[in-house]
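*Asks:* Here it is, the structure in full.
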Amino acid sequence: MTDATQIPSPCFLLEVAKLKKNLELINHVQRESDCTIILALKGFAMWSTFPIVRDYLSGCSASSYNEARLAREHFGGHIHLYAPAYTDAEFPELLTLAERISFNSLSQWQRFRAQAQATAISCGLRVNPGIDEVETDLYNPCSEQSRLGIPAYELAEGLPQGIEGLHVHALCECGADATERLIEAVEQRFGHLLPQLKWLNLGGGHLMTRAGYDVERLIRVLKAFRQRHPRLEVVLEPGSAIAWRSGTLITTVIDLMMRGGLQIALLDTSATAHMPDVLEMPYRAEVRDGAPPGEKPHTYRLGGLTCLAGDVIGDYSFDQPLTIGERIIFEDMIHYTMVKTSMFNGVNHPSIAIQHEDGRIEVVRRFGYQDYEARLS
């Protein structure tokens with residue numbers, strides 16, 4: 001077990017062995033299904049690990065100029081670009097960074113069509129398959145009022161000339177059954193368009209590295225779809241699956257207090273700045289050796305160090321009383337969490353470290369005042 005006291009605090013710690021285990025399973029799906037799987041940078045953009053990831057995956061999906069440039073400079077390979085809207089200022093640069101680009105609306109396609117078609121880039125449309133697989137509205141891209149994707153009725157008469165692919169995204173940490181329903185919806189609502197296409201991007205949310213995920217069902221579903229549409233290249237771009245349970249956020253207790261009969265432990269991290277999904281989704285972060293309140297003898301509310309009143313991670317119980325200076329380790333904090341951090345209140349971004357397969361810890365990045373200053377003017 002890693003000695004957490006030898007690591008800066010707070011710190012994201014990625015474990016290479018766990019990342020590789022995920023990538024090996026993903027590569028198995030890729031080979032057996034004859035599909036292409038690429039890295040979604042919106043979920044995992046730790047570029048110091050890209051030399052490892054690109055041994056298994058051939059490219060990235062990007063949702064902005066910065067992500068696309070990061071992919072081009074640090075990953076290489078095939079880059080698929082999608083954003084809800086493109087701007088006049090950035091669009092010419094985007095065309096130099098990606099091999100494929102998806103447009104979120106027919107108006108965006110009309111606006112930028114001429115520029116895109118003057119290059120070798122392959123153009124597609126993001127469509128809304130109209131299924132409801134995500135319980136939390138914040139993460140559901142497929143509602144009737146969603147701003148993400150073109151509804152089927154707008155394409156009832158066919159594709160605009162120059163469109164070579166469709167991009168759908170409907171899932172969030174879902175199982176293979178949801179992927180099967182997604183494919184059924186695509187064939188039902190957009191099946192008349194598939195013979196005209198070169199590629200179909202099934203988006204992310206395929207959490208194939210989660211324990212209990214039916215990987216063989218996913219492979220069967222993808223293979224059957226490929227057999228029905230043999231000329232169509234199928235792409236998946238999972239975000240969470242790549243770095244699922246591959247690392248932790250290591251923090252430290254910096255104060256203890258009693259308020260209104262509740263024990264509170266203040267940590268050198270923050271829900272709002274370092275793990276915003278705790279407040280946004282919401283979801284309950286898993287604490288190593290911790291349990292729900294009341295299950296163990298000593299219950300604490302874990303709070304962040306910003307001045308936001310609601311900067312609270314949650315209530316947890318422990319076998320022994322917490323002490324100032326004690327390390328608290330949050331599990332599964334590498335995917336999405338790291339890319340969503342901010343420096344609200346001037347709080348430092350956690351350091352970033354890698355545990356190599358031989359057990360060696362390498363701190364690859366520390367953050368300080370210059371990083372905060374550079375974000376402002």
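*Asks:* The conditions are (1) assigned to a loop (DSSP other than H, G, I, E, B); (2) modelled with pLDDT under 95; (3) surrounded by 14 or more Cβ atoms within 10 Å (Cβ to Cβ); (4) of a type outside the set (G, A, S), and P282 fails exactly one of them. Which is it?
*Replies:* Of everything listed in (1) assigned to a loop (DSSP other than H, G, I, E, B); (2) modelled with pLDDT under 95; (3) surrounded by 14 or more Cβ atoms within 10 Å (Cβ to Cβ); (4) of a type outside the set (G, A, S), P282 misses just condition (3).
*Asks:* Moving to a separate point now. Test V221 against the stated conditions and say whether it is surrounded by fewer than 24 Cβ atoms within 10 Å (Cβ to Cβ), out of contact with any Leu (no Cβ under 9 Å at 6 or more places or on another chain), in contact (Cβ under 8 Å) with a residue 24 or more places away in the chain and in the same structural domain as L302 (by TED's automatic domain parsing).
*Replies:* no
*Asks:* Still on this model: For the range 353-363, indicate whether the set of residues that are out of contact with any helix residue (DSSP H, G or I) (no Cβ under 6 Å at 6 or more places or on another chain), modelled with pLDDT under 95, surrounded by 14 or more Cβ atoms within 10 Å (Cβ to Cβ) and not small (G, A, S) is non-empty.
*Replies:* No: the range 353-363 contains no residue that is out of contact with any helix residue (DSSP H, G or I) (no Cβ under 6 Å at 6 or more places or on another chain), modelled with pLDDT under 95, surrounded by 14 or more Cβ atoms within 10 Å (Cβ to Cβ) and not small (G, A, S).
Condition check ((1) free of Cβ contacts under 8 Å to residues at least 24 places away in the same chain; (2) assigned by TED's automatic domain parsing to the domain that holds I163; (3) in contact with a helix residue (DSSP H, G or I) (Cβ under 9 Å, 6 or more places away or on another chain); (4) assigned to a helix (DSSP H, G or I)) across all residues:
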position	(1), (2), (3), (4)
H28	no, no, yes, yes
F50	no, yes, yes, yes
D88	yes, yes, yes, no
P92	yes, yes, yes, yes
A98	no, yes, yes, no
S102	no, yes, no, no
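*Asks:* Which one of V235, V221 is among the β-branched types (V, I, T) and out of contact with any Asp or Glu (no Cβ under 8 Å at 6 or more places or on another chain)?
*Replies:* V235
*Asks:* How do the pairs read when you match residues in the range 351-377 that are part of a strand (DSSP E or B) with residues anywhere that are surrounded by fewer than 11 Cβ atoms within 10 Å (Cβ to Cβ), using Cβ under 9 Å and keeping only pairs 6 or more apart or on different chains?
*Replies:* I354/R360; I361/D3; I361/Q6
*Asks:* Looking only at the range 129-141, count every residue that is within 16 Å of L166 (Cα to Cα) and out of contact with any Leu (no Cβ under 7 Å at 6 or more places or on another chain) and tell me the total.
*Replies:* Summing the residues that are within 16 Å of L166 (Cα to Cα) and out of contact with any Leu (no Cβ under 7 Å at 6 or more places or on another chain) in the range 129-141 gives 1.
*Asks:* Given (1) of a type outside the set (A, V, I, L, M); (2) at negative phi; (3) part of a loop (DSSP other than H, G, I, E, B); (4) surrounded by 15 or more Cβ atoms within 10 Å (Cβ to Cβ), identify the lone condition not met by S317.
*Replies:* For S317, the failing item is (3).
*Asks:* Answer yes or no: is there a residue in the range 142-157 that is in a loop (DSSP other than H, G, I, E, B) and in contact with a Leu (Cβ under 7 Å, 6 or more places away or on another chain).
*Replies:* No, the range 142-157 contains no residue that is in a loop (DSSP other than H, G, I, E, B) and in contact with a Leu (Cβ under 7 Å, 6 or more places away or on another chain).
*Asks:* Going residue by residue through the range 296-304, is there one that turns out to be over 26 Å from the mean Cα position of the chain (by Cα), outside any strand (DSSP E or B), at pLDDT 95 or above and closer than 18 Å to L256 by Cβ?
*Replies:* Looking through the range 296-304, at least one residue is over 26 Å from the mean Cα position of the chain (by Cα), outside any strand (DSSP E or B), at pLDDT 95 or above and closer than 18 Å to L256 by Cβ.
*Asks:* Need the failing condition index for P8 against (1) in contact with a strand residue (DSSP E or B) (Cβ under 7 Å, 6 or more places away or on another chain); (2) outside any loop (DSSP other than H, G, I, E, B), just the number.
*Replies:* It fails just one condition, (2).
*Asks:* Which of the residues belonging to the range 103-115 are over 17 Å from W199 (Cα atoms) and crowded, with 19+ Cβ neighbours inside 10 Å?
*Replies:* Within the range 103-115, Q108, W109, F112 meet the criteria.
*Asks:* Separate question: Which of (1) over 26 Å from E237 (Cβ atoms); (2) part of a loop (DSSP other than H, G, I, E, B); (3) modelled with pLDDT of 95 or more is the odd one out, the single condition N348 does not satisfy?
*Replies:* (3)
*Asks:* Would you confirm, using the coordinates I've provided, whether V235 is assigned to a strand (DSSP E or B), modelled with pLDDT of 95 or more and closer than 15 Å to V29 by Cβ?
*Replies:* Yes, satisfied.
*Asks:* Looking only at the range 30-46, count how many residues are surrounded by fewer than 24 Cβ atoms within 10 Å (Cβ to Cβ), more than 23 Å from T269 (Cβ to Cβ), touching a residue at least 60 places away in the same chain (Cβ under 8 Å) and of a type outside the set (S, T, N, Q).
*Replies:* 3
*Asks:* What are the residues in the range 305-314 that are outside any strand (DSSP E or B), surrounded by 13 or more Cβ atoms within 10 Å (Cβ to Cβ) and of a type outside the set (V, I, T), if any?
*Replies:* Result: L305, L308, D311.
*Asks:* Restricting the search to the range 229-267, which residues are in contact (Cβ under 8 Å) with a residue 40 or more places away in the chain, surrounded by fewer than 21 Cβ atoms within 10 Å (Cβ to Cβ) and either closer than 30 Å to G175 by Cβ or acidic (D, E) (or both)?
*Replies:* Residues satisfying the conditions are E233, V234, R245, D255.
The values are calculated or read from the model by the stated rules, or taken from the named source; none is laboratory data. Small disclaimer: the values here were computed from a predicted structure and weren't measured. When we count neighbours, we look across all protein chains shown, and the Cβ atoms used for this are built from the backbone with ideal geometry, even at glycine.
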